[in-house]
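A.B. asks: Take a look at the following structure, please.
The values are calculated or read from the model by the stated rules, or taken from the named source; none is laboratory data. Computed from a predicted model, the values in this text were never measured in an experiment. Every residue, glycine as well, gets a Cβ built from its backbone with ideal geometry; the counts of neighbours run over all protein chains shown. Protein only, heavy atoms only, side chains kept; ligands, DNA and RNA dropped before computing areas. Shrake-Rupley method; radii C 1.70, N 1.55, O 1.52, S 1.80 Å.
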Amino acid sequence: MPPNSQARARPGASEDQGLPSGTDAELSFEAALDAIEDLITRIESGEIGLEESIVAYERGVALVKRCRDALQKAELKVETLNKELAAAADTEAQGSDRPIDR
């Protein structure tokens, strides 16, 4: 084990053990991805035991769901904005086809 891995696997630091920290729902998309990558690294390296690996895996699943939800919301927002932009462009195009009243 690397020298600092013992400190990370020590009981009492719930986030370091892969336990939900209570703030996962508040993590930004990027921070959640970083947390997932960290969990994967720790599980694959054997840095943590089987029981802790299962808990870390559970946290990882929750983080992946959170990231998927965030991506879905972002995708819907982009679609909405694109529709609004297209509608505005259509309105402008229809307005330019009208003859000018003098």
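A.B. asks: Roughly how many Å² of ASP24 are accessible to a 1.4 Å probe, to the nearest 10?
C.D. replies: 20 Å²
A.B. asks: Considering the convex hull of the alpha carbon atoms of segment 27-102, report its projected area averaged over all viewing directions, in nm², one decimal.
C.D. replies: On the way: hull surface 27.4 nm².
Average of the hull's projected areas for segment 27-102 equals 6.9 nm².
A.B. asks: Work out the FRET efficiency for ALA62 and ASP38 from their Cβ-Cβ distance, taking R0 = 22 Å, and round it to the nearest 0.05.
C.D. replies: On the way: r = 14 Å, r/R0 = 0.65.
Computed FRET efficiency for ALA62 and ASP38 comes out at 0.95.
A.B. asks: Evaluate the charge dipole of segment 35-80 about its Cα centre and quote only its size in Debye, nearest 20, assuming +1 on the Cβ of each Lys and Arg and -1 on the Cβ of each Asp and Glu.
C.D. replies: Details: 7 positive and 10 negative charges, 64 e Å.
Rounded to the nearest 20 debye, it is 300 debye.
A.B. asks: Let me ask you something else. Using a 1.4 angstrom probe and counting only protein chains, how large is the accessible area of LEU81 in Å², to 10?
C.D. replies: For LEU81, solvent-accessible area is about 90 Å².
A.B. asks: Still on this structure, I have one more. So what does GLU84 come to for accessible area, using a 1.4 Å probe and Å² rounded to 10?
C.D. replies: GLU84 exposes around 110 Å² with every protein chain in place.
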